[in-house]
1. Does B:F10 meet the test of being modelled with pLDDT of 85 or more and more than 11 Å from every other protein chain (Cβ to nearest Cβ)?
2. Which residues, taken from region A:176-218, are away from chain B (no Cβ under 12 Å), among the β-branched types (V, I, T) and either under 16 Å from B:I13 (Cα atoms) or assigned to a helix (DSSP H, G or I) (or both)?
3. Mind listing whichever residues of region A:517-541 are of a type in the set (F, W, Y) and either at pLDDT below 80 or buried (at least 19 other Cβ atoms within 10 Å of the Cβ) (or both)?
4. Would you check which residues across region A:58-90 are among the aromatic types (F, W, Y) and at pLDDT 85 or above and list them?
5. Out of the residues in region A:769-805 meeting the condition of being within 17 Å of A:V750 (Cβ to Cβ) and not small (G, A, S), tell me which one is farthest from the chain's Cα centre (by Cα).
6. In region A:114-130, how many residues are more than 27 Å from the chain's Cα centre (by Cα) and away from every other protein chain (no Cβ under 14 Å)?
7. Exactly one condition in (1) at the interface with chain A (Cβ under 10 Å from one of its Cβ atoms); (2) modelled with pLDDT under 85 is not met by B:V16; state its number.
8. Among the residues of region B:23-46, is there at least one that is more than 10 Å from chain A (Cβ to nearest Cβ), modelled with pLDDT of 85 or more and part of a helix (DSSP H, G or I)?
Amino acid sequence: MYTEVLEEVICYHCGDVCLETPILHEEKAFCCHGCEQVYELLNDNHLEAYYNCDINPGISPTDKNFDFLNNKAFRDRLITFSNAEFSKVSFHLPAIHCRSCLYLLENLQRINPQIIKTSLNFGKKDLTVWFKEDQLSLGALATLIASLGYEPHISNAEEKSQNTNQKQLFLKLGIAGFCAGNAMLFSFPEYLGIEDGSLQHLFGYLNLALGSVAVFYAGSDYFSNVYAHLKLRKMTIELPILLGILVGYGRSAYEILSHSGAGYIDSVSGLIFFLLIGKWFQQKSFDFLSFERNYKAYFPLVVTKIANGVEETAPLEEISIGDRLLIRNQEIIPADAYLLKGQSQMDYSFVTGESELIPIQAGQSIYAGGKHLGEAIEIQISKELNQSHLTQLWEQQAFKDPNHKTENWENFANKVGMYFTMVLLSLATIAGLYWYQVDPSKWSNAVVSILVIACPCALAVSYPFALGHGIRWLAKFNFFVKDIQAFERMAQVDTLVFDKTGTLTLQSQKEPTVHFKRPLSDFEWNAVYSLAFQSTHPLSKQVKKLLPHCSLIPFEDFKEISGKGLEASFNDLPIRIGSAKFTHNQLQAPEGFISSETRLFLSINQEALGFIEFPWENRPGIEALLHRLRHQYEIHLISGDKKEHAAHLLDWFEDQDQVKFECSPLEKMEYIQALQKQGKVVAMIGDGLNDAGALKQAQVGIAVSDDHLHFTPSSDAILNGSELPQLGTYLQYAKFGLKLIKASFLLSLVYNGFGLSYAIQGNLYPLIAAILMPINSISMLIIATWGMNWKGHNLMQQKIRLKAE
Amino acid sequence: MYLMIGLSLFMAIGFVIAFVWSIRTGQQEDLITPAMRILQEDEKTNNL
């Protein structure tokens, strides 16, 4: 049914291009045995419909074992409910992406009858499973789910969602809406000027009851926030708002109770409703993303401990100084330690950003965060987990205080709010005193009108709406901003600092170039392929990708020499791949700046043949991005790598002072600090691995990630790698948002100015002031929504046009 | 007249209670999945 004519074979399960020879099964091609196995498993359980919901829906599975979840510490944390018959557990499965996932995951009980039922929350990517724990352990369940391609993300103890908060807001929003709507109904006779004494009083009391609920329940956050800020001697925008609400409410209560008028509870509760809508709008959260990961997210959750010669798994938190651990190939070192047994190629790229591997012999010390490549080793922990070289970075001030950005950031609304409050209060006092002297019948009208009409609800409404829409639009472009404060800071950035590796440059997608003295025979190519197949070195992986049509052939005398290369004989023909020296190649003087680390040399029968070059390449579109940005921003480049690796980028950074190489993670952070001391508003753009500190320190830390569902470091915003060339446009969009707010604020000032001039003269009836107020709010809401959407649509169209070209 | 007001109040309060109940029991928590779930085909009924 699905025969391939193209050269690229698409995996029937996961839809990836098969890099190696595809595996054929029932006339369907699979890229790996994992995909094939999932297919078989689904077929055996009559779940083929999985493939009908979507085209190539699957995810290549992992063979990771989750048996460590059976450890009591994990079990107790994950299982939310358990009785004699069943247990209930929730997993976060970041790989969920389509209808097929829903179909498969909600039919898990057909694959394993010990599963009673499952329920998926698609938005949050959470799967809740009810299962019989006495027959199916938690670890086995997680392993089963992982083997289908949905590897559960097991979080650290600290990661917690703020669900209850949102529920509260929903409740308040609903109640406020209810109060506002009904208050309007009861005020209807008043609007029409119908006078009917008894009903008027009844409606008045009903209104007052509704208004009290709206002000004291729905608006309770305003009371607590203002109180908290006043205690810190700070005035925020919320103070004049609360003042307006309270004065309006107080006046209405007085009128109603003294039967002197109808009050304007409808306006007051309407205002609260609008304000809460704004709040709800700004709380837009990306449930499936985590912006707050700390270093522990990088580490394994469990380690293999060797105690009295027996291997056992233990949660990471339980290890201490002196423990012996077994570290297998590709595992990450959890704490500073000594190497006891074996030898290792340590990949510190995560810690330092350097791409070279460092050979480590027994007895030498190794640092947390290094990834071990090679045969399993034994290490002895020399420092506590939280005191190691790597984690010290997180002990810096920026990390200790989770609010250091939001608290120290004077946002526009609060800055304005402060002056606004003072001007307003003095104005009201002066007008009140004046009228008290001149015409005592007018003073209360004047004061109330001033406070009500000048209530900066326009700003309070337009701010969350404009920025909330902004966040929503950017998320459509795969640029996820943490909150509206981060969005606002983004608009004020004037300096951009880029990290190099993984951000501006990528391991090239371009074909590596082959520089051999003579063409190789098929046999020789196969030999190179077979040799590379034995190793997990990054270059070996590249070779495997480069030679998809080669096949494995037998060999003898295989040797892997750390830091040098690989060697084996094929039909008594010795073949070596590796460094220039190891393969007796003459290392030519480097042409330009290109470094030798990305070259793989070859010798056959001790004859040097040349090398294959694997270029690091700029991300597509980077040159244009830098070209555009450097006119608008000051741009910097920092990198943990050596200068030679970045020659192709240097042209874009005019001033050599703005380029810094061989930075440690801490130095990167200090670099940002130095810029901030000069009064610059810095955005750091990095991949979040070795520049986590810098991301945290900068006013805006933007993590560039090609796989944001699986890995999102601590940052203010997460940008999909393919969107990086558009960064300038998105920053402009943020600027536009803030401009829009300022413009609408000005407009409302003008509008309020007119009202105020009447109010000061004591000619404005509070009722009219109270009608003007919601009209003002609605117009601000419309301006903010319309403006941001209009600009967002423009961006979208621009993007579609770009893609078409 | 007063009966009508009483009735309308009664209804309005009923709606508020319904709303509070729906939030408390988490009915608004996942608005995406049920919409997708209903589109799943029940192709397996004949097998059972």
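The values are calculated or read from the model by the stated rules, or taken from the named source; none is laboratory data. Note that the structure is predicted; figures quoted are calculated from it, not measured. Neighbour counts run over all protein chains shown; Cβ positions are idealised from the backbone, glycine included.
1. Values: modelled with pLDDT of 85 or more: yes; more than 11 Å from every other protein chain (Cβ to nearest Cβ): yes.
Taking the combined requirement at face value, the residue satisfies it.
2. A:V215
3. Within region A:517-541, A:Y529, A:F533 meet the criteria.
4. From region A:58-90, those among the aromatic types (F, W, Y) are A:66, A:68, A:74, A:81, A:86; that's our starting set.
Selection gives A:F86 alone.
5. Across region A:769-805, the extreme among qualifying residues is A:L772.
6. As a first pass, look at region A:114-130 and keep what is more than 27 Å from the chain's Cα centre (by Cα): A:114-118, A:130.
Among the residues that remain, those that are also away from every other protein chain (no Cβ under 14 Å) are: A:114-116, A:130.
The qualifying residues number 4.
7. (2)
8. no
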